[in-house]
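Notes follow once the structure below has been shown.
The values are calculated or read from the model by the stated rules, or taken from the named source; none is laboratory data. Bear in mind the structure is a predicted one, so any value in this text is a computation, not a measurement. Heads up, the Cβs are rebuilt from the backbone with ideal geometry, glycines too, and the neighbour counts pull from every protein chain shown. Side chains are part of the model used for accessible areas, which takes the heavy atoms of the whole protein and leaves out ligands, DNA and RNA. Shrake-Rupley method; radii C 1.70, N 1.55, O 1.52, S 1.80 Å.
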Amino acid sequence: MRLATHRLFFALSPPPPERRRLSAAAQRVTTAQRAPGRPIATAQLHLTLAFLGEFDSDEAITRARAAGDRMRADPFGLRIDQARRLKELEKEN
């Protein structure tokens, strides 16, 4: 029997008002571009900083949580002034 796999990552989690604004902006872009796919639930919106990988171990989850609990940063502003497709970003790198 295979254990459940967990995708672990560190991310910025905007406050609910900003998540709602991001969700509304995503809806406008999706509609304007007739983009396929499905929207991300507002409560799940985040900005991934580092993807750690997929793990099926409770120990990995415990260690990732412990590392996250030690992270501290001063508040800062972030301006998002454009929306692009992932394929466009991949071409730049």
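Selection of region 36-66 for residues being open to solvent by less than 80 Å² (accessible area, probe 1.4 Å) and without any contact (Cβ under 8 Å) to a residue 12 or more places away in the chain yields Gly37, Ala41, Ala66. Scanning region 54-73 for residues that are out of contact with any helix residue (DSSP H, G or I) (no Cβ under 9 Å at 6 or more places or on another chain) and part of a strand (DSSP E or B) returns a single hit, Glu54.
Quick check on my filter: what residues within region 19-35 are surrounded by 10 or more Cβ atoms within 10 Å (Cβ to Cβ), assigned to a helix (DSSP H, G or I) and modelled with pLDDT under 85?
Val29, Thr30, Gln33, listed by residue number.
Taking region 36-46 as the search range and keeping residues that are hydrophobic (A, V, I, L, M, F, W, C) and at pLDDT 90 or above, which one is farthest from Arg85 (Cα to Cα)? The selected residue is Ala43. Screening the candidates Phe76, Phe51 for the property of being in a strand (DSSP E or B) and not hydroxyl-bearing (Ser, Thr, Tyr) yields one hit, Phe51. Considering region 7-18, and only residues there that are open to solvent by less than 60 Å² (accessible area, probe 1.4 Å) and not aliphatic (A, V, I, L, M), the residue that is farthest from Met71 (Cα to Cα) turns out to be Pro14.
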